[in-house]
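What follows is a set of notes on a single structure, which appears directly below.
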Amino acid sequence: MARPEPTRREFIADSAGALGGAWLWLRLPSFGLLAACVRDAARTEAPPQALTPDEFATLRAVAARLLPSDEASPGAEEAGAAWFVDAALTTHFPALLEPVRGLLSSVDERARVQDAARFAMLDAARQDALLRDVETDPGFGPTRTLVLAGVFSDPVHGGNRNSAAEQILGYRHEGVYQPPFGYYDAEAGRSGGGAP
């Protein structure tokens, strides 16, 4: 009997708990340093800095399958996660460049051997099957973790383009009103009003 496909939320929960990428989460404060240049690169779809254009095309395809979009919400592609990953590999995590490159090379090589095409050219079902084959690859955990960080980071860090994470998770980011209240929130209770 075939195992049922996990829901998006189950996938995210499983991914966040993955031990292979846990060490990376300890370094999340470094993502705060991936400044506006990364955000602009994702917005304008600038050329990659750490990866070759072919590697970057494969990364975009891998990211799109790690967190795919559906009718209800965007995925890693819409969030610009690949630009976040490329910037992270260029700036704060250059030690992960070779494992990520190894994974990208592995999926492309498997695609060439099995399907006579590059990974990015395959349909979603074939891409998913190839990714299942490389889940134990040393570069898989760091790549998945960087993709998810790119999707769920604050948009100022280069990922989460157009606040895609809010749509994926189904919430709207709002400020929290906490005491002590003062002049700055005097208009908060009025229709259409807010803090000046």
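The values are calculated or read from the model by the stated rules, or taken from the named source; none is laboratory data. Here the structure is a predicted model, which is why all the values come from computation and not from measurement. Heads up, the Cβs are rebuilt from the backbone with ideal geometry, glycines too, and the neighbour counts pull from every protein chain shown. When the accessible area is computed, the model is the full protein with side chains, heavy atoms only, and any ligands, DNA or RNA have been set aside. Shrake-Rupley method; radii C 1.70, N 1.55, O 1.52, S 1.80 Å.
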What pairs can you find where one residue is in segment 104-123 and free of Cβ contacts under 8 Å to residues at least 40 places away in the same chain and over 17 Å from Ala64 (Cα atoms), the other is open to solvent by 70 Å² or more (accessible area, probe 1.4 Å) and hydrophobic (A, V, I, L, M, F, W, C), and their Cβ atoms are less than 9 Å apart, with a gap of 6+ or different chains? Asp115/Met121
Mind checking which residues of segment 65-102 are of a type in the set (Gly, Ala, Ser) and open to solvent by 30 Å² or more (accessible area, probe 1.4 Å)? Ser69, Ala72, Ala95, Gly102
In segment 77-94, which residues are in contact with a Ser or Thr (Cβ under 8 Å, 6 or more places away or on another chain) and assigned to a helix (DSSP H, G or I)? Glu77, Glu78, Phe84, Val85
